[in-house]
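Here is the structure we will look at.
The values are calculated or read from the model by the stated rules, or taken from the named source; none is laboratory data. Given the structure is predicted, the values throughout are model-derived calculations rather than measurements. Note that we place each Cβ from the backbone using ideal geometry, even for glycine, and neighbour counts take in every protein chain shown. These area figures cover heavy atoms from the full protein model, side chains too; ligands, DNA and RNA do not enter into them. Shrake-Rupley method; radii C 1.70, N 1.55, O 1.52, S 1.80 Å.
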Amino acid sequence: DGKMRTQSSFSTDPNVLITPVRSDIVAEAIGGQTVTGAIDDFRGQHMVAMAAPLEFKGTRWAVVAMQSDAELFAPVNSMRNWMLLVGGALLVIAALGGLLFSRSVTKPITRLTGAMKALADGQLDAEVKGSGRSDEIGEMARTVEVSRENALKITSMTDEERAASERRRIERTTMMQALQQSFGEVVDAAVAGDFSK
């Protein structure tokens, strides 16, 4: 008959409060539009209402569903909390992975630096660790090991050279003494008139 009539709803559940619906929302829904709007319930709680048109046996109705802001945004809040939790967990995993990776690089390099410093200070018995690795650190360790072996060779060659030099000095001294003695004998013989020597 073109008149808008509203029907009240009641609940027997004491925890459910029936909230009066705004007549403008109902009127637009009966007019054929789906409408949303905000209202406050008896407790002063902010609610979101959605009214949708419904025609039943030639009569137009407005079906209204209401939900509090807390209920409406609960899935969003839950998703936000899960995203924060997952993001935090990923951040912790990334930090731990970065720490482990940096330790796997810095620790061998620190050992190598210590070995190189010891070699530079003349400690040729310093142990060079990491030469068995197949990465760049292993390559550097093998290079330091070659340097250590070369230093050992140079040191041992120097000892041999020192021994050879000492032998040559003794031989020269012996030869000079023999030459001096021979020269003295020749001079003595010449003074005595013996020029055959």
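A few remarks follow.
- Condition check for Arg43: modelled with pLDDT under 80, open to solvent by 70 Å² or more (accessible area, probe 1.4 Å) and either of a type in the set (Val, Ile, Thr) or at negative phi (or both): yes
- Within the stretch 132-150, being within 33 Å of the chain's Cα centre (by Cα) and open to solvent by 50 Å² or more (accessible area, probe 1.4 Å) holds for Gly132, Arg133, Ser134, Asp135, Glu136, Glu139, Met140, Arg142, Thr143, Val146, Ser147.
- Whichever residue in the stretch 151-171 is open to solvent by less than 70 Å² (accessible area, probe 1.4 Å) and closer than 18 Å to Gly122 by Cβ and, among such residues, is modelled with the highest pLDDT: Ala151
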